[in-house]
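J.: I have a structure here, written as C-alpha cells, and I will follow up with some questions on it.
The values are calculated or read from the model by the stated rules, or taken from the named source; none is laboratory data. Source: prediction; values computed, not measured. Backbone-built Cβ (ideal geometry, glycine too); neighbour counts: all protein chains shown.
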Amino acid sequence: MATTVAVPTRSSALRVRVSKTAIRGAEMAVGTILVILILQTVLRFNLLDEDLWKLYLPSFLDGIVLSLRYLGIILPLSVVIGFTIGWARISRFRTLSWPLSVFVDFFRGVPPIIVVIFAAVLGPSLLPARFQSQDIGIIIAALTLAMHSGAYQSEIFRAGFMSVPRGQLEAAQSLGMTNGAAMRFVVLPQALRLSIPPLANEFAVVIKDTSLLAIVGGFELFGSSFIFEQQILFSPGNQLSWIFVVWTAVALVYFVMTFAVTELLNAIDRRYHVKGLEAVTV
Amino acid sequence: MIRVEELEKHFGALHVLKGVSLEVQKGEVLVIIGPSGSGKSTLLRCINLLIEPDSGRVFLDGTQVNRRDIRPEWVRQQVGMVFQSFNLFAHLTALQNVTLGPIRVLGTDPTTAGAQGRKLLARVGLADKADAYPAQLSGGQQQRVAIARALAMNPKAMLFDEPTSALDPEYIREVLDAMAALARDGMTMIVVTHEMGFASEVAKRILFMDAGRIIEEGSPEEIFHSPKQERTRMFVGKILR
Amino acid sequence: MPATFDEQRRSRVRIVDILLAILVTVGILAYILDVLALRWGLSTAYIGRSYPNYLKAAWISLYVTTIAYFIGMGIGFVLGWARSVRTLPLARVMAARRREAVAAADGGSPGAGLFLGTLLVYGIKYYVRRTADAYVAIIRGTPLFVQIVFVWSAVLVFYPRLDPLVQGLLAGVIALTANTGGYQSEIFRAGIQTVHSGQVEAGRAIGLSRWGAMRYIVLPQAVRLVIPPLTNEYIGLLKASSLLAVVGSVPELTTFGRSEAFQTFHIFEAFALVVGIYLLITVPVSKVVEWIERRYRIPGLGIQAPRTARV
C-alpha cells in the first residue's frame, strides 16, 4: 500500500503539536469526569458534598501546599544526586563507581517506606544536639527520598550516557577536543536528550512517593487526609461515604500533578527532539 | 610531513602493530590496503594519537609528537580524521557539526565559523543541506559532511578510515569524488580503502599491511598487477575479482 | 573498536584502582554501620532471638505479593493485549469493508447492515482499548498508598464486622492486584507490540489463523521479551507490599519491623533485619535478571535494543 508522508513546515508542525497536547488534555478531563461519575454511582457518594468540604477544605489545601513544598526539596535534589552518580558511575575508576553502585543497589533494593521510617528515627540522632527539633526527622526522611529517587535517576542518566555511541567521542577527540569539551558539547547534550522520557516517569514516581512522608508525620496531602479520615470514621453522625469523597479528591490531585509533570517533560522532549536521536528500540 | 617509526601496539594479549614505519610527503596521497584485523585502523589512530602507541615515534613536520609535553589534542587539531561509520554528532545539524570544532576548539567566533562552514559544505556539494540533521541525510551525504567537519579545523593532513565501507554502492562515488578533489588541491592524505579505482587514480604509493606489519610497498601498478609477495598477490586477487 | 588514548592510561592504574575501590567501599559501609551501632547499640542477642519472627513476617509479605502478582498477571495480560491492538482510522476500515462487500456482491450494492456491524465492532474495540488505557493511567497516576487506603475504606464501609486482619489482607490483596495488573499490562503491551507486525503478516501469509499467528509467532517472541521485566515487577511488587504498613493490621515485614522497633527499642537491629531481608531477596534476583538479559538475548530482539560499542 502506498503511503504519503506529509513533510510539515516548522510552523504547521508546531500548531499540530499544540493541538495534540490540547486534545490530550481535553480527553483526559472528559475521561476523569466519566470515571468520577461512575465511581460516585457505584459507591454512592457525592464528590461535591458541601457539608464535607466545609470540614475538609482546610486540611486539603494545607496538604497540597505541604506536598508541593516537599516536592520543591526532593525533586531538584534527586536530579542533582541522580545526575552526579550516573555520571560518576560511567567512570572507569572503580574507586568511584563501586561505592556508588552499593549506594544505588541499596536504595533500589529496599522499599522507600522503610528507609523513610528509619531515617526519621535514626537520622536525627547522628546530628549534634542543637539541630534536634520536631521536624528534623521529617526533613531527613525527605532527603532519603531524594536519595532513593536519585539512585533510580542515576540509572537513567547512566543509560543515557552509555547509549551515546563511542564513535561520537572519538570524532570529537579527532577534532582536537579535550575529554571535557567532548563530554560537554557532544556526549552530554545527546545523553540528556535520551534521558528525558524515562525521567518523566521517574518524576511521576517522586510525586507519588512524597505520600510516604505521611508515615513519619509529614502531613502532606495524603497524611492530612488520612488524619481527617480517622476523624470522620470515629466521630458519630458523620456519613461513612465521605471517606470516598476524600480519597477520590486526593487521588485526583495526585493524578493531575503527575499528569502535568509528565506532559511538561514530554513537551520539552518534543521541543528538543532531534530526528534520528532516539533511545534505540527494536 | 608525517613520519612514523617502529610503531608497536598491543591490546592485551593481541599484538596489533609490530614495528610499522612509514613516511608521507607533503601533498602526497598514501593508500593502505590489507585484510581486516591487519592493524590499519589502529595505525591511523596512532598517528593522530586517538590511541597511544606502546612504543615507536610519530613525527609531524619533523617534530616528534607522541611525547609527554605535547598535548594529544593539539596533534589531533593538525590531523583531520574521517571515520568508517561517519560519527556525525547526532544532535547537531550539518552546519553545526562543521562549526563545532572551530568554535569550541579554535575559538573562532560563530559568524565567521558559520560562513566558513557553509563554504566547506558547498565545497563537498552540500550547500543546501546545512540545516539538516544527520539522520535526514543519506550515507554519502553524511560522509561528505564528515569530510567538511574535518576540513574545518584547517588540518595539515587528513586520515581516512575506510570512508566508503559503510556506504550503499550508489553513494560511494560522490564520497570518492570529494576525496579526489581534496587530493588535487594538494592535501596530504592517508587513506585506508579497498577502492582500487580510487587508489590507482589518486595515490602514488600503496602499502599492503597484514598481521601488524607492512608487507609490501609500491605504485598502484606494482601492487595491483605485479605484486612481489605471495600474501599481497592472494589479497589483491581476492579484492580484484 | 580499539580502546581510546585515555583508557590505556587508565589501565595502568587498574590494580591500585581495584584495591582502593574495595577499601573505600568497605570503609564507608563499616563507618556507617559503626556510627549507627555506636549510637544505638547492637544487640546480637536480640537478632539471634527474634530473626525467625522477621522471617515469618517476610513470609506474609511474600504470600500477599505472590497472590496479587499472579491474579494481576491475568489482568495485565488481558489489558495488555487489549491495549496492544492498533486501531486503523475508521474511514480506512470502512473503505476496506466496502471493497470486500462490493467484490462479494459482485457489482450489487452492499447492505447497510454490514456497515453498521463494522461500526459496532470498531466502536466496541475502541472503547475497550480506551477503558483499559484509563485504568492504567489511574493506577500509574495515583500513589499506591491512596489506592490501598481507598480499597481499605471500601472494605471498612461494606464489611465492618470482619476481623481487622482479614479486612487488611483483603484490602491489601485487592489493591496490590489492581496495581500490579496495571503495571503488568504495560509490560505485556510492550512485549506484544514489539514483535513486529511484519511477523504476523508473514505468519498469516503461510496460512496461519489470527490466533495461530498469536500462538506460534507473537507469543514465543513476546514471552522471551517479557520475562525479565515481569521478574522485576515481582520484585517491585514485593517492595510495594511494604506500603500495607499504612493499614497496620497486616503483620508483613515492614509493619512488623516498625512495631518491633518501637516496642523493644532495638531500633537499629530491627532496621538492619528488615533491610537485610529485603536486600537478600531483591538484589540477587535483579542481578540474575540483568545477567540473563545480557546472556540470553536473541540478537536483534529486545524491548531495550542491544548495545554495540558505547561510551
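J.: Give the residues of the stretch A:83-106 that are more than 26 Å from the chain's Cα centre (by Cα) and either over 15 Å from C:L23 (Cα atoms) or not in a helix (DSSP H, G or I) (or both), sorted by residue number. Give the derivation first.
T.: First pass over the stretch A:83-106, keeping only residues more than 26 Å from the chain's Cα centre (by Cα): A:91-96, A:98.
Those that are more than 26 Å from the chain's Cα centre (by Cα) and either over 15 Å from C:L23 (Cα atoms) or not in a helix (DSSP H, G or I) (or both): A:S91, A:R92, A:F93.
J.: Under 7 Å by Cβ, and 6 or more places apart or on different chains, what pairs join a residue from the stretch A:92-111 that is on the phi < 0 side of the Ramachandran plot and facing chain C (nearest Cβ under 7 Å) with one that is aromatic (F, W, Y) and crowded, with 18+ Cβ neighbours inside 10 Å?
T.: These pairs meet every condition: A:G109/C:Y278; A:V110/C:Y278; A:P111/C:Y278.
J.: Can you name every residue in the stretch A:217-235 that is touching a Gly at 6+ places or on another chain (Cβ under 6 Å) and more than 10 Å from chain C (Cβ to nearest Cβ)?
T.: Result: A:E220, A:S224.
J.: Could you check, for the stretch B:86-109, whether at least one of its residues is in contact with a Ser or Thr (Cβ under 9 Å, 6 or more places away or on another chain), at pLDDT 90 or above and away from chain A (no Cβ under 12 Å)?
T.: Yes; the residues of the stretch B:86-109 include at least one that is in contact with a Ser or Thr (Cβ under 9 Å, 6 or more places away or on another chain), at pLDDT 90 or above and away from chain A (no Cβ under 12 Å).
J.: Can you find, within the stretch A:126-182, the residue that is surrounded by the fewest Cβ atoms within 10 Å (Cβ to Cβ) among those that are polar (S, T, N, Q) and assigned to a helix (DSSP H, G or I)?
T.: From the stretch A:126-182, those polar (S, T, N, Q) are A:132-134, A:144, A:149, A:153-154, A:163, A:168, A:173-174, A:178-179; that's our starting set.
Adding the requirement that they be assigned to a helix (DSSP H, G or I) leaves A:144, A:149, A:153-154, A:168, A:173-174, A:179.
Details: A:T144: 23, A:S149: 24, A:Q153: 28, A:S154: 26, A:Q168: 20, A:Q173: 25, A:S174: 31, A:N179: 15.
Among residues in the stretch A:126-182 that are polar (S, T, N, Q) and assigned to a helix (DSSP H, G or I), the one surrounded by the fewest Cβ atoms within 10 Å (Cβ to Cβ) is A:N179.
J.: Evaluate the stretch B:71-84: report whether one residue or more is charged (D, E, K, R) and more than 16 Å from A:A172 (Cβ to Cβ). It would help to see each step written out before you state the result.
T.: Keep residues of the stretch B:71-84 that are charged (D, E, K, R), which gives B:71, B:73, B:76.
Now narrow it down to the ones that are more than 16 Å from A:A172 (Cβ to Cβ): none.
Checking the stretch B:71-84: not a single residue is charged (D, E, K, R) and more than 16 Å from A:A172 (Cβ to Cβ).
J.: May I pose another question? Just for the stretch C:1-20: of the residues that are in a loop (DSSP other than H, G, I, E, B) and under 22 Å from A:P165 (Cβ atoms), which one is modelled with the lowest pLDDT?
T.: At the first step, the residues of the stretch C:1-20 found to be in a loop (DSSP other than H, G, I, E, B) are C:1-4, C:12-13.
Those still in the list that are under 22 Å from A:P165 (Cβ atoms) too: C:1-4.
Numbers: C:M1: 40, C:P2: 47, C:A3: 46, C:T4: 48.
The residue in question is C:M1.
J.: Oh, and also: Given A:G223, A:G218, which one is touching a helix residue (DSSP H, G or I) at 6+ places or on another chain (Cβ under 7 Å) and in a helix (DSSP H, G or I)?
T.: Details: A:G218 fails: in a helix (DSSP H, G or I).
A:G223 is the lone residue from the list that is touching a helix residue (DSSP H, G or I) at 6+ places or on another chain (Cβ under 7 Å) and in a helix (DSSP H, G or I).
J.: While we're on this one: Restricting the first residue to the stretch C:74-92 and requiring it to be in a loop (DSSP other than H, G, I, E, B), which pairs with a second residue that is loosely packed, with under 15 Cβ neighbours inside 10 Å and modelled with pLDDT of 75 or more meet a Cβ separation below 8 Å and a spacing of at least six or different chains?
T.: From residues that are in a loop (DSSP other than H, G, I, E, B), the pairs are C:V85/C:K125; C:T87/C:K125; C:T87/C:Y126.
J.: So, in the stretch B:14-23, exactly how many residues are surrounded by fewer than 19 Cβ atoms within 10 Å (Cβ to Cβ) and out of contact with any Lys or Arg (no Cβ under 6 Å at 6 or more places or on another chain)?
T.: First pass over the stretch B:14-23, keeping only residues surrounded by fewer than 19 Cβ atoms within 10 Å (Cβ to Cβ): B:14-15, B:18-19, B:21, B:23.
Now restrict to residues that are out of contact with any Lys or Arg (no Cβ under 6 Å at 6 or more places or on another chain): B:14-15, B:19, B:21.
Qualifying residue count, the stretch B:14-23: 4.
J.: Looking at (1) more than 8 Å from chain A (Cβ to nearest Cβ); (2) out of contact with any Pro (no Cβ under 9 Å at 6 or more places or on another chain); (3) touching a residue at least 40 places away in the same chain (Cβ under 8 Å), which is the only condition B:S36 fails?
T.: Of everything listed in (1) more than 8 Å from chain A (Cβ to nearest Cβ); (2) out of contact with any Pro (no Cβ under 9 Å at 6 or more places or on another chain); (3) touching a residue at least 40 places away in the same chain (Cβ under 8 Å), B:S36 misses just condition (3).
J.: Next question. Would you point out the residue of the stretch C:241-275, among those that are touching a Pro at 6+ places or on another chain (Cβ under 7 Å) and facing another protein chain (nearest Cβ under 10 Å), that is farthest from C:G172 (Cα to Cα)?
T.: Step one: filter the stretch C:241-275 for residues touching a Pro at 6+ places or on another chain (Cβ under 7 Å), giving C:242, C:249, C:254.
So of that shortlist, the ones also facing another protein chain (nearest Cβ under 10 Å) come out as C:242, C:254.
Values: C:S242: 10, C:T254: 14 Å.
Going through the qualifying residues, I end up with C:T254.
J.: Take the residues in the stretch C:146-167 that are over 16 Å from A:L233 (Cα atoms) and at pLDDT 90 or above; name whichever of them is farthest from the other protein chains (Cβ to nearest Cβ).
T.: Checked the stretch C:146-167; the qualifying residue farthest from the other protein chains (Cβ to nearest Cβ) is C:I148.
J.: Would you confirm, using the coordinates I've provided, whether C:L23 is within 13 Å of chain A (Cβ to nearest Cβ), at negative phi, assigned to a helix (DSSP H, G or I) and at pLDDT 80 or above? Before the answer, list the steps.
T.: Details: within 13 Å of chain A (Cβ to nearest Cβ): yes; at negative phi: yes; assigned to a helix (DSSP H, G or I): yes; at pLDDT 80 or above: yes.
Here the answer is yes, as C:L23 does meet what is asked.
J.: Working only within the stretch B:33-61, note down all residues that are farther than 15 Å from B:Q84 by Cα, charged (D, E, K, R) and touching a Leu at 6+ places or on another chain (Cβ under 9 Å).
T.: B:D54, B:R57
J.: Of everything in the stretch C:239-281, what is within 21 Å of the chain's Cα centre (by Cα), buried (at least 23 other Cβ atoms within 10 Å of the Cβ), under 15 Å from C:Y54 (Cβ atoms) and of a type in the set (A, V, I, L, M)? Give them in sequence order.
T.: C:A245, C:L253
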